[in-house]
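Accompanying notes for the structure given below.
The values are calculated or read from the model by the stated rules, or taken from the named source; none is laboratory data. All figures in this text were calculated on a predicted structure; none of them were measured in a lab. Every residue, glycine as well, gets a Cβ built from its backbone with ideal geometry; the counts of neighbours run over all protein chains shown.
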Amino acid sequence: MFCRYCGIEAKVNHAGVLEEANCNFCGGSLVDEDTGHPKLCTIQGDRFEFHKMMPNVFIEHVEQPVGVLETYHTFDLYLLLKEVRSMRSTTYYGMRVLNNASEVDDDFKDLAQEHGKDYEYWTRRKFVIENILLERQGYFPERITVKVLEFMADQIKKSMKQKMKISQTKQAVK
C-alpha cells in the first residue's frame with residue numbers, strides 16, 4: 001500500500017493496520033476522514049483517483065446539496081455547469097418572450113412570473129457549481145465547448161496513465 005500523494009510505502013503493522021494516519025514524507029492523509037478506511041494506492045506508481053468520474057451526469061444532479069456536489073469530479077462539474085447554463089439560457093429566453101407578451105395581454109403575467117422564478121432557480125444553481133469550481137481550482141470557465149471537454153477528457157486519461165516512479169539508474173547522455 002502506497003501514499004496516494006507521493007507514492008511512498010505506507011507503514012502497516014503485522015495485523016495489516018496502518019501505523020500512521022498521515023504519510024511520514026508528505027503529511028498527506030492516508031485514511032478517509034469520513035469512514036476511517038485507508039485511502040491508498042494498491043500498486044506502486046499508480047495514480048489515485050481522488051474523485052471518481054460518473055458514467056452519466058444528468059441535470060437532476062444539480063439538485064444535490066453542496067457537500068455532495070463537492071465530491072464530484074471536476075469534469076463532471078463542467079458537464080453539469082454546461083447543462084445548467086443551457087437550461088438558464090432557455091428559461092431566460094422564455095421569460096423575455098412572456099414579459100413582452102404580458103405587456104400586450106395581462107393573461108401572460110403569471111406565466112412570466114413563473115418563468116422568472118425558474119430563471120432565478122437556474123441562475124442560483126449555476127452560481128453553486130461555479131463557486132465549487134472557483135474554490136477548487138481558482139476559476140471557472142467562461143464557456144464550455146465540446147472541444148474543451150474533449151481536451152479535458154484527454155488530459156485526465158494521460159494524467160492517470162502517468163506512473164509515479166523515480167528512475168535511479170544512470171542514463172547515457174546523447
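Odds and ends about this structure:
- The single condition among (1) assigned to a loop (DSSP other than H, G, I, E, B); (2) on the phi < 0 side of the Ramachandran plot; (3) not polar (S, T, N, Q) that G67 does not meet is (1).
- Counting the residues of the range 70-85 that are of a type outside the set (D, E) and either surrounded by fewer than 18 Cβ atoms within 10 Å (Cβ to Cβ) or outside the structural domain of E150 (by TED's automatic domain parsing) (or both) gives 4.
- Flag for C26 being more than 30 Å from M87 (Cβ to Cβ), modelled with pLDDT of 90 or more and not hydroxyl-bearing (S, T, Y): yes
- Residue identified as over 20 Å from P141 (Cα atoms) and surrounded by 12 or more Cβ atoms within 10 Å (Cβ to Cβ) among G67, G94, G36: G94
Per-residue answers, yes or no, for (1) surrounded by 11 or more Cβ atoms within 10 Å (Cβ to Cβ); (2) under 16 Å from the mean Cα position of the chain (by Cα); (3) of a type outside the set (A, V, I, L, M):
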| site | (1), (2), (3) |
| --- | --- |
| A112 | yes, no, no |
| E120 | yes, no, yes |
| L134 | yes, yes, no |
| V146 | no, no, no |
| K158 | no, no, yes |
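- Looking only at residues of the range 14-42 that are of a type in the set (G, A, S) and in a loop (DSSP other than H, G, I, E, B), we find that the one that is nearest to the chain's Cα centre (by Cα) is G28.
- Scanning the range 152-174 turns up no residue that is touching a Pro at 6+ places or on another chain (Cβ under 7 Å) and modelled with pLDDT under 95.
- The single condition among (1) out of contact with any helix residue (DSSP H, G or I) (no Cβ under 7 Å at 6 or more places or on another chain); (2) in contact (Cβ under 8 Å) with a residue 60 or more places away in the chain; (3) surrounded by 13 or more Cβ atoms within 10 Å (Cβ to Cβ) that G45 does not meet is (3).
- Matching helices (runs of 4 or more DSSP H) fully within the range 71-174 where at least 1 residues are small (G, A, S) and under 30 Å from C3 (Cα atoms): 146-161
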